[in-house]
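Asks: Sharing a structure, written as structure tokens. Questions coming.
Bear in mind these aren't lab numbers, they're just calculated from the coordinates by the rules spelled out. Quick caveat: nothing in here was measured; it's all calculated off a predicted structure. Cβ placement follows ideal geometry from the backbone for every residue including glycine, while neighbour counts extend to all protein chains displayed.
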Amino acid sequence: MSTLTIGLIQTAVGMDPDRNLAHTLDMARTAIARGARILCLQELFRVPYFPQYEDADASDYAETIPGPSTDAFSALAREHNVVVIVPVYERTASGEHYNTAVVIDADGRLLLPAYRKVHIPYDPLFYEKTYFRPGDRYRVYDTQYGRIAVLICYDQWFPEAARAVALQGAEIIFYPTAIGRIAGEEPPEGDWRDAWETVQRGHAIANSVHVAAVNRVGTEGDLQFFGSSFVADAFGNVLARASETSEEVIVVEVDLAENETIRDGWGFFRNRRPETYRPLTRRLPPGKTPVSLGYRMPAEWEPHDAVWLSWPHDRETFPDLASVERTYIEIIAALRGSETINLLVTSEAMRTRVEAMLEEVGLDTRGIRFHIVDYADVWFRDYGPTFVLNQKSKSLAMVDWTFNAWGEKYQELMEDTRIPLIMNRELDLPVFTPGIVLEGGAIDVNGCGTVLTTESCLLNPNRNPHLSREEIEAYLEAYLGAGNVIWLKQGIAGDDTDGHIDDIARFVGPTTVVCALEENEDDENYAILQENYEILTASTDQDGNPLTVIPLPMPGRVGGAKRLPASYANFYIGNRVVLVPVFKHPNDEIAIARLRQVFPDREVVGIDCTAMVAGLGAIHCISQQQPSVVPSLTCSGAESASRGE
């Protein structure tokens, strides 16, 4: 037979656990006398709802499994041949505490392991994290009368939990609960009781399973528990509902054959697309994030208001400092007039000297904004902020990552993590602080939802050892608006950043990437870059469109005994120009010509970076674009949208 009679025991709870146990046993016998074969008690049925207090001593309420509650109901189950769901405050042998539900089969056996509540709230008057460790899995139990699942209270707000047990074959989901209204408060979002019932009826419909929720009644402290225990069929129809104020036993006959009839008719399981559900398994970063407020990181080819640079001054970084200063002058000359240049200098004396150097070569300094800041080095791409844009509100914000000098390799540079907030004293932008280590050179986006990065950098234990690959992906989606992450493998030889993407591969259009390739099979970069190229050619954008991958040559070995990380991929895309590092190599002209093909509306300028790369970086490493708030990118449009202003 597919029909089954279930009973829900809704009680008011007093301060004496033993009296509560005896009273609930009496009500259970009433349900049995009325024909119930599976009984479910309310959450923490034996004890007052102590988690409404943040610092209560609840140790006397905890019990073991087996223990007093399970012993009593095991005997009842065995005597009357019924299944009973018994929620308790569990204390383990090692002293851990859980909010637990034990299923006792009709022969009195405890079906172990018990279910431990997975989702634990911590809200005013529901301070459960203080008392309960979370469970780590969902369980379905084969009982004499059917295959059932138990989820506890706060679990009911999470559709994933209901779907998980339904996929495991649960025919009915029981939700023992302790929920009520806060005395004297009127929630602005609406009535909690209505929402509580509605969400669980939704689980019944979406999963084509019966749902039975049992809640307590009465006033305890500042909580007024609203009862309303109910049973819903597999299409969400309420078969019975208890009152909001009175103790009550609900006994309902359900027809579990209805589950398959509705599931087959509506196709909710048959038409699932699990391959599209990967974002559901990502752990969301805490707090409000840019993407939740409509921000995204624009592609570098989108219009800029400004570029940020720091003037070089450290001879340990740049042994040929004079040559590097001349390189900076070339960069500023190429960018001036198309975007404001924000230039950090360490002192008024440095500002005066730099102004004189620029004027000496005929550069008007009126388009340059100097900022006197105490900074250690010039790697603005890595210690500067990531700017994000809300196109709808035409507003800009910044993401302030933690900079740890590429895995704490250079202690003297770690103070540069302060630079974003120093900048913001003047910019006064909204600031998002993820609290994780990330450098700007480690990421490259198409502005539409796809980001390039490398495993060797972002998964390196010297950055965020506490985060998994999936958790890092969640941060990239939440803070950049890039949920499609393309993971390349390693960076190039000589790169002390552990493999920044901006030496390897760069987006030059929504679906077009240039990728560094080494032609010399004996070069140590050859196999590394071939592997990255193959990954890219097999990858797609966020909409499933294949990428066009354009090879970009390498300049061969640059440097003496110590190889330097020279790459043409370290270019900067300005409003009117593309600045490409060159290294006095025959491939310089090939790289420039290839980039001219992909940027036909911009001037592509080679900048000699032979002296600069001795500091282990080039043009992209020292710069950070500040996007314009003018809308520019249509991700579903043609590639040409990426190449003009």
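Asks: Indicate, rounded to the nearest 5 percent, the antiparallel portion of the DSSP beta bridges found entirely in the stretch 295-635.
Replies: Numbers: 19 of 49 bridges.
Of all bridge pairs located within the stretch 295-635, approximately 40 percent are antiparallel.
Asks: Would you work out the charge dipole size for the stretch 3-272 about its Cα centre, treating the Cβ of every Lys and Arg as +1 and the Cβ of every Asp and Glu as -1, and quote it to the nearest 20 debye?
Replies: Values: 24 positive and 39 negative charges, 179 e Å.
For this selection, approximately 860 debye.
Asks: Roughly how many nanometres apart are two label points built 7 Å out from the Cα toward the Cβ at ARG369 and ARG109?
Replies: Here the answer is 7.4 nm between the modelled labels.
Asks: While we're looking at this one, here's another question. With a cut-off of 8 Å between alpha carbons and a minimum separation of six or more residues, what is the relative contact order of the chain in percent? Don't jump to the answer; show the numbers that get you there.
Replies: Values: 1449 pairs, mean separation 69.3, N = 645.
Here the relative contact order equals 11 percent.
Asks: Would you grab the residues whose amide H sits under 5 Å from the one on LEU344? Only those 5+ places off in sequence or on another chain, please, with H modelled 1.01 Å from N.
Replies: For LEU344, whose amide H was placed from the backbone, the distant partners under 5 Å are LEU309, SER310, TRP311, HIS371.
Asks: If R0 is 22 Å, what FRET efficiency do you get for ASN462 and ARG425 from their C-beta distance, rounded to 0.05? Each step should come with its number before you reach the end.
Replies: On the way: r = 30 Å, r/R0 = 1.38.
About 0.15, to the nearest 0.05.
Asks: Sticking with this structure for a sec: What per residue convex hull volume, in Å³, do the alpha-carbon atoms of the stretch 3-272 yield?
Replies: 115
Asks: Same structure again: For ASP444, list long-range residues whose amide hydrogen, built 1.01 Å from N in the peptide plane, is under 5 Å from its own amide hydrogen.
Replies: LEU452
Asks: Still on this structure: What are the ³J(HN,Hα) values, in whole Hz, obtained from phi via the Karplus relation 6.51 cos²θ - 1.76 cosθ + 1.60 with θ = phi - 60°, for each residue of the stretch 327-344 in sequence order, with x given for Gly and Pro?
Replies: Those phi angles translate into 5, 4, 5, 4, 4, 5, 4, 6, 8, 4, x, 9, 7, 4, 9, 9, 10, 7 Hz.
Asks: Related question: Per residue and in Å³, how big is the convex hull formed by the alpha-carbon atoms of the stretch 386-496? Don't skip to the answer; put the middle values down first.
Replies: Details: hull volume 11.8 nm³, N = 111.
Each residue corresponds to 107 Å³ of Cα convex hull volume.
Asks: Follow-up question, since we're still on this one. Taking amide H positions as placed in the peptide plane 1.01 Å from N, state which residues far from LEU517 in sequence (5 or more) or on other chains have amide H under 5 Å from it.
Replies: Amide H neighbours of LEU517: LEU552, MET554.
Asks: Could you check the simple spin-label distance between ALA183 and LYS409, using points 7 Å along Cα→Cβ, in nm with one decimal?
Replies: Here the answer is 6.3 nm between the modelled labels.
Asks: While we're here: What does the C-alpha gyration tensor say about the overall shape of the stretch 186-273? Classify as rounded when a/c is under 1.5, otherwise prolate if a/b is larger than b/c, or oblate. Walk me through the numbers before you get to the answer.
Replies: On the way: a/c = 3.84, a/b = 1.77, b/c = 2.17.
Because a/c hits 1.5 or more and a/b fails to exceed b/c, the stretch 186-273 counts as oblate.
Asks: Using θ = phi - 60° and the Karplus form 6.51 cos²θ - 1.76 cosθ + 1.60, what ³J(HN,Hα) does each residue of the stretch 556-571 get, whole Hz, x for Gly and Pro?
Replies: x, 7, 10, x, x, 4, 9, 5, 9, x, 7, 7, 6, 5, 8, 8
Asks: What full-extension length gain, to one decimal in nm, is calculated for SER2 and ARG137 as 0.36 nm per residue of separation minus the Cα-Cα distance? Present the calculation step by step, with values, prior to reporting the outcome.
Replies: Values: separation 135, 0.36 × 135 = 48.60 nm, distance 2.80 nm.
Gain in length upon complete extension: 45.8 nm.
Asks: To the nearest whole percent, what portion of all C-alpha pairs in the chain is separated by more than 41 angstrom? Please list the in-between numbers first.
Replies: Working: 91628 of 207690 pairs.
More than 41 Å apart: 44 percent of the Cα pairs in the chain.
Asks: Please state the charge dipole magnitude for the stretch 295-635, taken about the Cα centre, from unit charges on C-beta atoms (+1 on K and R, -1 on D and E), reported in debye and rounded to the nearest 20. Before the final figure, lay out each step's value.
Replies: Values: 26 positive and 51 negative charges, 157 e Å.
Computed charge dipole of the stretch 295-635: roughly 760 debye.
Asks: So, one more: Just rank PHE403, PHE269, fewest to most, by other beta-carbon atoms within 10 angstrom. Before the final figure, lay out each step's value.
Replies: Values: PHE403 22, PHE269 15.
By the 10 Å Cβ count, ascending, the order reads PHE269, PHE403.
Asks: Could you work out how far helix 17-33 tilts from the main Cα principal axis of the chain, as a 0 to 90 degree angle to the nearest 10?
Replies: Once rounded, the angle reads 70 degrees.
Asks: Let me ask something else about it. With θ set to phi - 60°, apply the Karplus curve 6.51 cos²θ - 1.76 cosθ + 1.60 along the stretch 415-425 and write out the HN-Hα couplings as whole Hz, x wherever there is a Gly or Pro.
Replies: After applying 6.51 cos²θ - 1.76 cosθ + 1.60, I find 5, 5, 5, 6, 4, x, 6, 5, 4, 6, 4 Hz.
Asks: Full extension from THR30 to THR245: what is 0.36 nm times the residue separation minus their Cα-Cα distance, to one decimal in nm? If you can, show how the numbers build up before the last one.
Replies: Numbers: separation 215, 0.36 × 215 = 77.40 nm, distance 1.92 nm.
Between THR30 and THR245, full extension yields 75.5 nm more.
Asks: Please work out the C-alpha center-to-center distance from the stretch 168-224 to the stretch 245-318 and express it in whole Å.
Replies: With the stretch 168-224 and the stretch 245-318 each reduced to a Cα centre, they are spaced 24 Å.
Asks: Rg and Dmax of the stretch 1-124 over Cα atoms: what are they, in angstrom?
Replies: 14.6, 50
Asks: Here's another thing I want to ask about it. What is the angle, in °, between the Cα long axis of helix 587-598 and the longest principal axis of the Cα atoms in the chain? Nearest 10 is fine, range 0 to 90.
Replies: So the inclination is approximately 60 degrees.
Asks: Which angle between 0 and 90 degrees, to the nearest 10, do you get for helix 348-360 versus the longest principal axis of the chain when only C-alpha atoms count?
Replies: Approximately 50 degrees, to the nearest 10.
Asks: Still on this structure, please answer the following. Which value in nm describes the separation of the simple spin-label points at SER94 and ASP305, placed 7 Å from the Cα toward the beta carbon?
Replies: 5.3
Asks: Setting aside same-chain residues fewer than 8 positions from LYS129, which aspartates and glutamates have a Cα under 20 Å from its Cα?
Replies: Qualifying aspartates and glutamates at Cα under 20 Å: GLU43, GLU54, ASP55, ASP57, ASP60, GLU63, GLU90, GLU96, ASP155, GLU220, ASP222.
Asks: Could you work out the relative contact order of the stretch 3-272, using alpha carbon pairs under 8 angstrom and six or more residues apart, expressed as a whole percent?
Replies: Details: 646 pairs, mean separation 54.0, N = 270.
So the answer I get is 20 percent.
Asks: Which whole-angstrom value gives the distance between the alpha carbon centres of the stretch 1-20 and the stretch 541-612?
Replies: 72
Asks: Restricting to DSSP H runs of at least four residues, report the calculated mean residue ellipticity at 222 nm for the chain, -39500 (n - 2.57) per run over all residues, nearest 500 deg cm²/dmol. Kindly include the intermediate steps, with their values, before the conclusion.
Replies: Numbers: 15 runs with 154 residues, N = 645.
That comes out to -7000 deg cm²/dmol.
Asks: Additional query: What Cys residues in the chain have no fellow cysteine's beta-carbon under 4.7 angstrom?
Replies: CYS40, CYS153, CYS457, CYS515, CYS609, CYS621
Asks: With a ≥ b ≥ c taken as the square roots of the eigenvalues of the C-alpha gyration tensor of the stretch 295-635, please select rounded if a/c is under 1.5 and otherwise prolate if a/b is larger than b/c or oblate if it is not? The partial results should precede the final answer.
Replies: Details: a/c = 1.30, a/b = 1.12, b/c = 1.17.
In terms of gyration-tensor shape, rounded.
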